[in-house]
Every structure is written in structure tokens, then in C-alpha cells.
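In what follows, a structure is listed as C-alpha cells, so that the remarks can point back to it.
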Amino acid sequence: SMQCFPGLVLALSSLLGALALLQLSLHLRVPSRYGKHEERLARPRGRLPARCAWFLQELPSFLVPALLLALRSPPRLEPLGCRLLCCLFCWHYFYRTFIYPFFTRGRPFPLQLLFFGMLFCIYNGFLQGYYLIYCAEYPNDWCTDIRFTSGLLLFLLGMGINIHSDLLLRQLRKPGEVTYKIPQGGLFTYVSGANYFGEIVEWFGFAIATWSLPAFAFAFFTLCCIGPRAYHHHRYYLKTFTDYPKSRKALIPFVF
Ligand code: NDX
């Protein structure tokens, strides 16, 4: 049966960090080609309805750690922290896999990116789940440690902002509509990438609560992946809408 290989965790986390840098170098200037940044000329063929695409893409991030958790033998009863933290990760991806896609009104998603997105979700789902279930060791009073409590608080706050902002975006469209409007309300009052801001806060909270290399690597990846995307969204809005709120920032309220 499986056991903890610290070298494997180190290698996979480092590669995740390297992917983050690759992502940053590829997409700092040119955004990932999906949603409002997809080129007009793109063939309508190689695409899947947003619902199927987001469901398939995010499913491994839920399934892989959930299976690792369920199938671990012998079941790991101690300590509670590992299972709790793994459940937090699964909880986010339960939302992202089983709830978010069924309400999205997004445009069809490019198959090629879907493929890489799925690979990424398998990779990251395995790394986070494997680490928490087979490697992580927490003292019995981890639940009262300031890192756990403050991290959990950030995680919940970020998740709340992310879900609320995704809801506000969805309400900009009627079913079947694919046009872009100016997002209003919630944290969109301050930033163009309110959903991204929430997601980044969420994963840094998770990293602090788990105090682990894999989780910090994933938080860093998230920052490198959707941070620049928030900036590209912001530029798109400024270019498209002459009446776009002048005081609104790209990602971080009042700052950037
Ligand atoms: N999926 C994470 N890189 C990504 C898929 C693509 O979950 O090979 C990263 C994620 C993947 C990427 C993923 C990782 C890197 C990949 C990349 C493909 C290539 C790349 C694998 C896995 C790669 C290397 C080489 C390094 C390996 O029509 P529409 O779709 O635009 O509609 C949108 C709508 N909307 C509006 N409607 C009306 N008016 C407006 N003004 C609107 N603005 C937007 O709202 C959508 O239906 C919806 C949301 O749109 P948007 O653009 O704000 O968010 P989106 O980017 O679609 O993300 C959706 C949610 C969001 O909450 C975000 O925080 C979360 O998913 N997310 C997204 C990306 C990554 C991620 C989280 C993470 O890293 N944690």
C-alpha cells in the first residue's frame, strides 16, 4: 500500500512552482485564450459547452483527493487535522465541480485548454491529497494553533468572496446570452477581478492553515495563473467601456 515519500512531495511541489513561473511568463502579456480573451477567429469546432467543460476539468480535483481519503488503508484516524484540511480542499472542488458548472452562462470552452486544465487538476488533486493523507503530521492541538485558525478564516472569507462574485458575474447575463457587461456590486465595486481575488485569498488561507509546501506552491500557482488574468480583464474593460469606473483596480482593492 501507499506510504509517504517526502522526496516525491518535494519534487511535485517544485514542479508546481516551476509551472507557476511558466504560466506567468506565458500569460503576463498574452492572456489564456478562453472566455473574453478567446480570439474571434477560433474555430467553433474544438469547443465544449461551458457546463461540460468546467465539470470535466474540475472533477479530478474533487475525485482524486476524495478517493485517496476514502481508500486509505488502514484508515488514518489520527490526527484529525489532516482529514479536516483535506475535506476543505474537497469542499471547494465540490462547489467548483458539482455546483458552479450547472449555473454558468459562460461561452463554450476550448477543448485544448480543457485537456491541459484536466491534467493540471489531476496533478494538483493528487499532490494536495497525497500530502495531507499520507505525509502531513499535526500536533493534536493544531485546531487551536493561530496558523490553523487564521488560515481557515482567510479560506472561508476568500471562498465567500469567490462564490458571491461568481454569482454576480452570472447574473449579468440572461440564459443564452454571451455578451459582456460591467460587473457591479460586492467587491466588483473595488476590483475588476473580484472572483479571482477571492480565490487567491482562499488558497493562501489554505496554505497557512496546512502550513505545507504543496499548498503554498498551489497558492503561488493560483496567483500566477489568475493574477495576470485579472489584469487582462481590467484592460479589456477599460478598452471596451468608456464609462468604466475610474477608481476600480484590477485585483487588489485600492492597491493594484
Ligand atoms: N481552471 C484554474 N499552463 C483553469 C482552466 C485553464 O480552475 O497549460 C487553472 C482553473 C487552465 C488553468 C486552470 C491552469 C493553466 C492551464 C489553463 C489552460 C492552459 C494552461 C492548464 C486549470 C496551461 C501551463 C503551460 C503552465 C501548464 O463567456 P465567458 O466564459 O467569458 O463568461 C464568464 C462570465 N463573465 C461575464 N459575463 C458577463 N459580463 C462580464 N463582464 C463577464 N466577465 C466574466 O463569468 C464566465 O462564465 C464567468 C467567469 O469568468 P471569469 O473570466 O471571470 O473566470 P474564469 O477564468 O472563467 O474562472 C472561473 C472560476 C473563477 O472563480 C476562478 O477564480 C476559478 O474558476 N479559477 C480559474 C482558473 C484557475 C483557478 C481558479 C486556480 O488556479 N485556482
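Assorted remarks:
- Matching option when the condition is among the aliphatic types (A, V, I, L, M), open to solvent by less than 50 Å² (accessible area, probe 1.4 Å) and over 14 Å from the mean Cα position of the chain (by Cα), among Ala215, Ala209, Ala219: Ala209
- Residue in the stretch 236-256 that is under 17 Å from Gln128 (Cα atoms), modelled with pLDDT of 95 or more and of a type in the set (Val, Ile, Thr) present: no
- Output for the stretch 108-147, where each listed residue is outside any helix (DSSP H, G or I) and crowded, with 16+ Cβ neighbours inside 10 Å: Pro108, Phe109, Pro110, Ala136, Tyr138
- Every residue from the stretch 207-220 that is of a type outside the set (A, V, I, L, M) and either more than 9 Å from the ligand (Cβ to nearest atom) or assigned to a loop (DSSP other than H, G, I, E, B) (or both): Thr210, Trp211, Ser212, Pro214, Phe216, Phe220
- Residue that is farthest from Phe103 (Cα to Cα) [pool: residues in the stretch 157-203 that are within 11 Å of the ligand (Cβ to nearest atom) and among the aromatic types (Phe, Trp, Tyr)]: Trp203
- Long-range neighbours under 7 Å by Cβ, at least six apart or interchain, first residue closer than 13 Å to Ala194 by Cβ within the stretch 224-250, second of a type in the set (S, T, N, Q): Arg229/Ser32; Ala230/Ser192; His233/Ser192; His234/Ser192; Tyr237/Ser192; Arg248/Ser192; Ala250/Ser192
- Of all residues making up the stretch 178-206, the number that are open to solvent by 50 Å² or more (accessible area, probe 1.4 Å), touching a residue at least 12 places away in the same chain (Cβ under 8 Å), out of contact with any Pro (no Cβ under 8 Å at 6 or more places or on another chain) and in a loop (DSSP other than H, G, I, E, B): 3
The values are calculated or read from the model by the stated rules, or taken from the named source; none is laboratory data. What you see is a predicted model; the values in this text were computed from it and never measured. Ideal geometry is used to build each Cβ from the backbone, glycine not excepted, and the neighbour counts take in all protein chains shown. To get the accessible areas, we keep the full protein, side chains included, count just its heavy atoms, and leave off ligands, DNA and RNA. Shrake-Rupley method; radii C 1.70, N 1.55, O 1.52, S 1.80 Å.
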